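A short write-up of the structure that comes next.
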Amino acid sequence: GRDLVDDEGRHVQLACASWYGFDQKDYVAGGLDRQRISRIVALIVSRLHLNCVRLPLSLELVLTDPIVQAAAVAANPELAGR
């Protein structure tokens, strides 16, 4: 149906943010070169009170599956090369 419900059947209203970057030249979400992903997600959930994130993708990203450059994820080195 058209309604979004949680596991207890309660209606859920989405409150979303768009996280740019996967559609940009580095194909990486913005800010991962400066902040840990856990800190960014905590900000989205606890301070902004959002419950979803839109991730715009480029067709080129999907078709070419580029390697993530270390500089683009400097604050999250475990994501480099993936």
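When restricted to residues that are outside any loop (DSSP other than H, G, I, E, B), among the small types (G, A, S) and surrounded by 11 or more Cβ atoms within 10 Å (Cβ to Cβ), segment 55-82 contains 2. Applying the criterion of being part of a strand (DSSP E or B) and more than 30 Å from Q69 (Cβ to Cβ) to the residues of segment 1-46, the residue that is most open to solvent (accessible area, probe 1.4 Å) is H11.
The values are calculated or read from the model by the stated rules, or taken from the named source; none is laboratory data. As the structure is a computational prediction, the values presented were derived from the model and not from experiment. Every residue, glycine among them, receives a Cβ derived from its backbone with ideal geometry; neighbour counts consider all protein chains shown. Keep in mind that these areas ignore ligands, DNA and RNA; they rest on the heavy atoms of the full protein, side chains included. Shrake-Rupley method; radii C 1.70, N 1.55, O 1.52, S 1.80 Å.
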